[in-house]
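The structure's right below; bear with me while I get my questions together.
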Amino acid sequence: MDSLYLAVGTVVLLAVVVDVIWTTLWVDGGSGPLSARLTTWTWYGLRRASDDRGLLGVAGPLVLSLTLAMWIGLLWLGWTLLFAGGSPALLSTQTGEPASWTGRIYYVAYTMFTNGNGDYTPAGGVWEIASSFTTATGMAFVTLGISYVVTVLGAVSEKRSFASDVTGLGDRPESFVRTGWDETEGEFGELGLPLESLANDLSLLADKHKAYPVLHYYHSDQPSRASAVAVPILDEALTVLESGVEPADRPDPVLLASARSSVDTYLDTLETAFIDPADEVPPAPDLNRLREDSIGTVEDRTLERAVSEIEDRRRRLLGIARADAWEWPPVGEDESRATTHQPDP
């Protein structure tokens, strides 16, 4: 019996089991230790290999595929090493000789994927039980992995739908506010319902980002479907509505606070994806764009004082945009261009 193979195999199996359960079943845990590192290294590699957004489009699918492949590969490796520690653990059904490394790899493969017994058989009761656990982990954790992939892909669709809803109201914070202005009534009467809907959608999306941090790495090459563009637009629009519009014309403060709270929940997920705040503060919204539509606004210096009080928040919003290779302020598709040098997330 080779104790080293037994020890290494046991450690590998424990590590992958913990990582699978952590990532797929622990809702508040984010990615497991192995998955988190794989995700980060893959993203860093793609960011360094590309100066534009083209290569980032494969980041999410690649990370998800590599994660699933890592889980299956480590399960396979762990059981192979464990069976290699026996003396012997597996015997050939044809010759009665101990299994070679090729035979062990083959045996673990067809046992994990339940393809039936083949050319090798366990040598004794302990290894028969080990074979049963090999089948159980293969069925359970491969199924969990595939279910995880399906869940993430569903969340990606919701993420892009949310972004489309935001950018459909405006591709800049100022245009978002202008869309909600009822010039006839002289108020933001029609803005309440979409704001409430967006706040609810973003809260749900934030929960899914916390449970599945890989969502942060699903990049859209269209700004209208990129949440890294939509979230800054929404939050900056809330800043304008709270501090840039004349007090008498502002929407219901409870509604604005609810929407702002949803953004806070989303910002709390950034740590799990290693997205850092930008070093500088983005420019303040341009109130002149609102004045063109006869929307009453405060003086520019009043808004500047307000945004100076939330500099850290706005640097985090800028960090979101830059981590996804977008510029500030968020702009429409016809104005967008690839960044040439952005900090890594």
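So if each residue of separation counts as 0.36 nm, and I subtract the Cα-Cα distance between Glu190 and Ala257, what length gain in nm does that give?
Details: separation 67, 0.36 × 67 = 24.12 nm, distance 1.73 nm.
Gain on stretching Glu190 to Ala257: 22.4 nm.
Would you kindly calculate the mean projected area, averaged across all directions, of the convex hull enclosing the Cα atoms of the range 235-277, in square nanometres? Please report the intermediate quantities before stating the final value.
Values: hull surface 13.1 nm².
Dividing the Cα hull surface by four gives the mean projection, 3.3 nm².
A further question follows. Which order do the peptides 228-237, 90-99, 4-13, 200-209 take when ranked by the mean count of other beta-carbon atoms within 10 Å per residue, highest first?
Values: 228-237: 26.9, 90-99: 14.6, 4-13: 16.1, 200-209: 19.0.
Taking the mean over residues of other Cβ atoms within 10 Å, the ranking is 228-237, 200-209, 4-13, 90-99.
Amide H neighbours of Leu90 under 5 Å, at least 5 residues apart or on other chains, H built in the peptide plane: list them.
Ala99, Ala123
Treating the angle as unsigned and between 0 and 90°, give the value, to the nearest 10°, between the Cα long axis of helix 227-239 and the longest Cα principal axis of the chain.
Its long axis makes an angle of about 30 degrees.
Can you report the principal axis dimensions of the range 1-86 using only the alpha carbons, biggest first, rounded to whole angstrom?
Its Cα atoms span 54, 29, 15 Å along the three principal axes.
Can you give me the three principal axis dimensions of the range 86-138 from its C-alpha atoms, in Å, biggest first?
Here the spans come out as 27, 19, 16 Å, largest first.
Against the empirical 2.2 N^0.38 Å scaling, what ratio does the C-alpha Rg of the range 112-156 come to? The partial results should precede the final answer.
Numbers: Rg = 14.8 Å, N = 45, 2.2 N^0.38 = 9.3 Å.
Here the Cα radius of gyration is 1.58 times the empirical estimate.
Could I ask something else about it? Report the far tail of the P(r) of the range 245-324, meaning the percent of Cα-Cα pairs longer than 20 Å. Intermediate values should be presented prior to the final figure.
Working: 1450 of 3160 pairs.
I get 46 percent for the Cα pairs in the range 245-324 exceeding 20 Å.
First select every other residue whose beta carbon is under 13 angstrom from the beta carbon of Val240; then total the charges, Lys and Arg +1, Asp and Glu -1.
Numbers: positive: Arg172, Arg178, Arg250, Arg260, Arg289, Arg291, Arg314; negative: Glu174, Asp235, Glu236, Glu242, Glu246, Asp249, Asp286, Asp293, Asp300, Glu304.
Within the 13 Å Cβ shell, the charges total -3.
Over the alpha-carbon set of the range 97-251, divide Rg by the Kirkwood Rh and report the Rg/Rh ratio to two decimals. Don't jump to the answer; show the numbers that get you there.
Details: Rg = 26.8 Å, Rh = 19.7 Å.
Ratio of gyration radius to Kirkwood radius for the range 97-251: 1.36.
So, one more: Using a Förster radius of 41 Å, what is the FRET efficiency between Asp28 and Ser294 based on their Cβ-Cβ separation? Nearest 0.05, please. Present the calculation step by step, with values, prior to reporting the outcome.
Values: r = 47 Å, r/R0 = 1.15.
After rounding, the FRET efficiency stands at 0.30.
Kirkwood Rh, Cα Rg: Rg to Rh for the range 68-165?
On the way: Rg = 18.2 Å, Rh = 14.9 Å.
Radius of gyration relative to Kirkwood radius: 1.21.
Let me ask something else. Quick check on the chain: helices-only [θ] at 222 nm, where DSSP H runs of length 4 and up contribute -39,500 (n - 2.57) each and the sum goes over total residues. Nearest 500, please. Spell out each step's value before the answer.
Numbers: 12 runs with 204 residues, N = 345.
One gets -20000 deg cm²/dmol as the mean residue ellipticity at 222 nm.
If one puts a single equal scatterer on every Cα of the range 175-289 and applies the Debye formula without solvent, what log₁₀ I(q)/I(0) results at q = 0.19, 0.20 Å⁻¹?
Evaluating at q = 0.19, 0.20 Å⁻¹ gives log10 I(q)/I(0) of -1.09, -1.18.
If you roll a 1.4 Å probe over the chain with all protein chains in place, what percent of the accessible area is carbon or sulfur?
About 54 percent, which is the carbon plus sulfur part of the accessible surface.
What Kirkwood radius, in Å to one decimal, follows from the Cα pairs of the range 157-230? Spell out each step's value before the answer.
Working: mean 1/r = 0.0760 Å⁻¹.
After inverting the mean inverse Cα-Cα distance, the result is 13.2 Å.
Assuming R0 = 35 Å, can you tell me the calculated FRET efficiency for the pair Glu128 and Thr102, based on Cβ-Cβ distance, to the nearest 0.05? Intermediate values should be presented prior to the final figure.
On the way: r = 21 Å, r/R0 = 0.61.
Efficiency at R0 = 35 Å is approximately 0.95.
Further question on the same structure: Based only on Cα atoms, what mean projected area does the convex hull of the chain have, in nm²?
Working: hull surface 80.2 nm².
That works out to 20.1 nm², a quarter of the Cα hull's surface.
Still on this structure, I have one more. Mind giving me the nanometre distance, one decimal, between the label points for Leu55 and Glu280, set 7 Å out from Cα along Cα→Cβ?
With each label point 7 Å from Cα toward Cβ, the separation is 2.5 nm.
With every protein chain kept in place and ligands, DNA and RNA left out, what is the accessible area per residue of the chain? Probe 1.4 Å, answer in Å². Intermediate values should be presented prior to the final figure.
Working: 15930 Å² over 345 residues.
Accessible area per residue: 46 Å².
Now for a separate question. Kindly state, to the nearest 0.05, the FRET efficiency for Thr93 paired with Leu14, given R0 = 25 Å and r defined as their beta-carbon distance.
Details: r = 31 Å, r/R0 = 1.22.
Once the sixth-power term is evaluated, E becomes 0.25.
The values are calculated or read from the model by the stated rules, or taken from the named source; none is laboratory data. Just so it is clear, the structure is predicted and the values come from calculations on it, not from any experiment. Cβ: placed from backbone, ideal geometry, glycine included. Neighbour counts: every protein chain shown. Keep in mind that these areas ignore ligands, DNA and RNA; they rest on the heavy atoms of the full protein, side chains included. Shrake-Rupley method; radii C 1.70, N 1.55, O 1.52, S 1.80 Å.
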